[in-house]
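Enquirer: Take this structure first; my questions come after.
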Amino acid sequence: MPCVFCEIVAGRAPAHIIEQDDLALCILDINPFAEGHCLILSKRHVPWWHDLTDDEIGTVFRMAKGVANRLRDVYSSEFVCLYARGRRIPHTHIFLVPTTKGDALDGFFNELEKFLAVAAKKIRRDD
Ligand SMILES: [Zn+2]
């Protein structure tokens, strides 16, 4: 089965393309966490972002910064969450999700922070 992101890069699968250059492509996520949730894809099929070349990393993260600043302006978000993935679809993709205090993503990370505090206590053996 072909990689869906390679199919999008090749123009054989549909996507809402935001921008692209020689090494990277920005599209809207089809299962968004929030309106405006974008993905930055490397054009080359590489599962993990840290296996990209320095040129690809520079391009992917410069594009992420530019799109994140536009998302912040358009959605008046406090922050744009960035998350690098490559497991479910084994092709580097960077999540960019506009986030504001109290939204679902903020709540998710607030829950994780509670979990981390418990884990830190266990690891330190404070009991
Ligand atoms: Zn691919």
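Enquirer: Considering (1) at pLDDT 95 or above; (2) under 13 Å from the mean Cα position of the chain (by Cα); (3) within 16 Å of the ligand (Cβ to nearest atom); (4) of a type in the set (A, V, I, L, M), say which one M63 fails and leave the rest.
Expert: Of everything listed in (1) at pLDDT 95 or above; (2) under 13 Å from the mean Cα position of the chain (by Cα); (3) within 16 Å of the ligand (Cβ to nearest atom); (4) of a type in the set (A, V, I, L, M), M63 misses just condition (3).
Enquirer: If the requirement is being in a strand (DSSP E or B) and of a type in the set (V, I, T), which of these qualifies: V80, V60, V46?
Expert: It is V80.
Enquirer: Something else now. Which residues, counting only those in region 91-127, are closer than 22 Å to W49 by Cα and touching a helix residue (DSSP H, G or I) at 6+ places or on another chain (Cβ under 9 Å)?
Expert: Matches in region 91-127: H91, T92, H93, I94, L96, V97, P98.
The values are calculated or read from the model by the stated rules, or taken from the named source; none is laboratory data. Remember, predicted model here, so these are calculated numbers, not experimental data. Note that we place each Cβ from the backbone using ideal geometry, even for glycine, and neighbour counts take in every protein chain shown.
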